[in-house]
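Worksheet for the structure shown next.
Computed from the coordinates by the stated procedures, all read-outs in this text should not be read as laboratory data. This is a predicted model, so every value here is computed, not measured. Reconstructed Cβ throughout: ideal geometry from the backbone, glycine too, with neighbour counts over all protein chains shown.
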Amino acid sequence: MISIEEIKDLMKTLDASSLQRLEIKNGDCSLTIEKGNSGKAMVATPSAQRGKQEFRSGAMVEIKAPMVGTFYAAADPEAEPFVEVGSAVNPDTVVCVLEAMKLFTEVTADCGGEIAEILVKNGDFVEYGQPLFKVKV
Amino acid sequence: MSFKVLSPGLMSTLQDFGRQGYQKEGVNNSGAMDIISLRLANMLVGNDEHEAALEITLAGPTLEFTADTLIAITGADLSPMIDGISVKMNRPVAVVAGSVLKFGGCLKGCRAYLSMAGGYDVPMVMGSKSTYVRGSVGGYQGRALAKGDVLGSGQAGSYARHLLKYLLCKGARSFRAASWYVSLPHLSGKEMRRPIGILQGLQMGAFSDESLHDLLTKQFTITNASDRMGYRLEGPRLLLKEQLEMISEIAVFGTVQVPADGNPIILMADHQSIAGYPKIAQVIGADLPRLAQMRPGTKISFREVPLKEAEEQLLEMERYLSSLKIALKHKA
């Protein structure tokens with residue numbers, strides 16, 4: 001048997017990897033985990049899911065949605081947006097928040113560079129893995 | 001989880017939902033001025049929402065954490081900083097033992113709430129941990145915090161213990177804040193500018209037509225003589241049609257009474273149990289938390305709302321809080 005903890009662990013590992021699908025057979029017990037936009041993807045933590053990446057300078061990198069939710073460019077309707085086209089970002093810069101079930105989750109750039117393009121509009125509902133920003137690194 | 005008070009700030013008292021059911025014996029209710037911020041602060045650290053939190057007024061205290069502690073700060077933005085680094089609000093924050101929490105300038109609102117996972121370990125007095133300073137009842141030795149006080153917590157639940165461990169293992173020199181937060185809809189700029197909703201007071205009919213017109217059309221200023229007991233307002237004087245001899249009767253949080261000088265007083269959380277001045281209006285429950293965040297000098301206006309709308313606004317807030325509770329369960 002495979003314990004729930006082990007399955008959770010496998011899901012996280014799969015999410016952090018470049019693999020799309022994982023199949024395990026152990027005696028008469030088998031388990032298939034596939035990446036997708038369904039609820040199981042929510043288990044991944046933002047940083048685990050995007051992983052550490054190395055980029056050549058000048059390359060374009062996308063900041064992707066770590067979860068499903070409503071995209072907000074600012075902390076509240078009257079506040080300045082976190083970033084605009086041309087803003088410099090470092091890996092810890094908060095670039096937007098995603099709202100799901102009344103909770104707001106901050107999305108960090110996870111790379112350094114300059115915001116080249118904002119791919120979604122304020123208030124858009126975004127899917128897991130959907131590109132939100134293009135960053136020139 | 002615990003902290004030591006290095007400097008107490010202007011007025012920092014423990015407050016919960018207040019002493020309910022004792023007003024008939026002449027014991028006032030007390031409790032948090034902004035009950036929504038209190039409830040959210042508790043929910044964020046996994047406490048029962050009725051738990052006490054530290055209500056911090058305008059100028060905050062300096063606190064040194066004596067153990068790893070999970071906290072949340074909600075309500076007014078008093079520029080909280082831990083070891084010199086700004087701390088984001090409205091989210092759980094894991095603080096490392098030895099770190100020092102300070103507050104800076106008051107940027108928005110008037111009262112911040114600091115919750116601690118497990119709640120504050122002070123005795124219940126008449127069913128509440130709320131501090132009533134004038135009566136030296138409840139809270140931490142019946143008074144506002146003072147230098148050298150040490151406040152410990154009760155038993156933190158599994159949500160808080162798990163979250164504290166999770167945040168600290170992500171690496172923290174002084175503290176680590178969660179990357180998610182909740183919004184306080186009643187404190188948005190738009191909300192804070194809206195007129196305060198009122199219902200008719202028990203003696204509204206005794207006031208002159210001109211005064212009633214002024215009440216609903218003119219602005220009033222919250223004066224410096226305002227505290228947890230009541231907000232004294234200044235504006236057009238509100239006068240009776242003719243002198244009224246009254247026997248003192250029940251007063252509650254939000255009752256607007258008018259002494260003979262014509263300057264209204266809104267009774268707040270530490271209000272007396274009975275009041276003898278004519279009551280022109282009653283602030284609706286849904287608007288008390290944001291009224292509590294308005295500081296002396298703020299200009300306010302009033303709008304009469306039907307009872308049905310007053311109830312609907314309160315229900316809307318409750319629906320928001322219950323959906324948040326469900327979302328937070330998923331975070332655990």
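Relative protection proxy for A:79-92, B:96-109, B:280-293, from highest mean packing down: B:280-293, B:96-109, A:79-92 (other beta-carbon atoms within 10 angstrom). In chain B, the longest principal axis of the Cα atoms and the axis of helix B:35-44 are about 20 degrees apart. Please build a GNM for chain B, connecting alpha carbons under 10 Å apart, and tell me which residue among B:Gly18, B:Gly118, B:Gly189 fluctuates the most. Judging by the Gaussian network model, the answer is B:Gly189. Partner lysines whose Cα lies under 24 Å from the Cα of A:Lys134, excluding those fewer than 8 positions away in the same chain, are identified as A:Lys35, A:Lys52, A:Lys64, A:Lys121. Here's the list of aspartates and glutamates a cross-link from A:Lys25 could span, going by alpha-carbon distance under 20 Å and ignoring same-chain residues fewer than 8 apart: A:Glu5, A:Glu6, A:Asp9, A:Asp15, A:Glu34. With the simple spin-label model, which puts each label point 7 Å out from Cα in the Cβ direction, the B:Ile274 to B:Lys108 separation comes to 4.3 nm. Ignoring lysines fewer than eight residues from B:Lys218 along the same chain, the ones with Cα atoms less than 25 angstrom from its Cα are B:Lys108, B:Lys190, B:Lys241, B:Lys279, B:Lys299, B:Lys308.
Candidates A:Leu31, B:Gly157, B:Ala72 compared by Cα position along the dipole of the protein assembly as shown: farthest toward the positive end lies A:Leu31, with charges placed on Cβ.
Kindly identify the stretch B:189-316 as rounded, prolate or oblate by the Cα gyration tensor criterion: order the square roots of the eigenvalues as a ≥ b ≥ c, call it rounded if a/c is under 1.5, otherwise compare a/b with b/c, prolate if a/b is larger, else oblate. Since a/c stays below 1.5, the shape of the stretch B:189-316 is classed as rounded. What is the list of residues in the stretch B:9-26 whose amide nitrogen lies under 11 Å from a point 7 angstrom out from the Cα of B:Met126, following Cα to Cβ? Only B:19-26 pass the distance filter.
In this rough spin-label picture, where each label sits 7 Å from Cα along the Cβ direction, the A:Gln20-B:Glu242 distance is 8.9 nm.
Could you list the residues of the stretch B:283-303 with an amide nitrogen less than 17 Å from a label point located 7 Å from the Cα of B:Glu309 in the Cα-to-C-beta direction? From the stretch B:283-303, the list is B:283-288, B:301-303. Rounded, prolate or oblate, given the Cα gyration tensor of the stretch B:28-109, with a/c below 1.5 counting as rounded? In terms of gyration-tensor shape, oblate. Here each label is just a point 7 Å from Cα along the line to Cβ, and for A:Glu114 and B:Asn224 those points are 5.2 nm apart.
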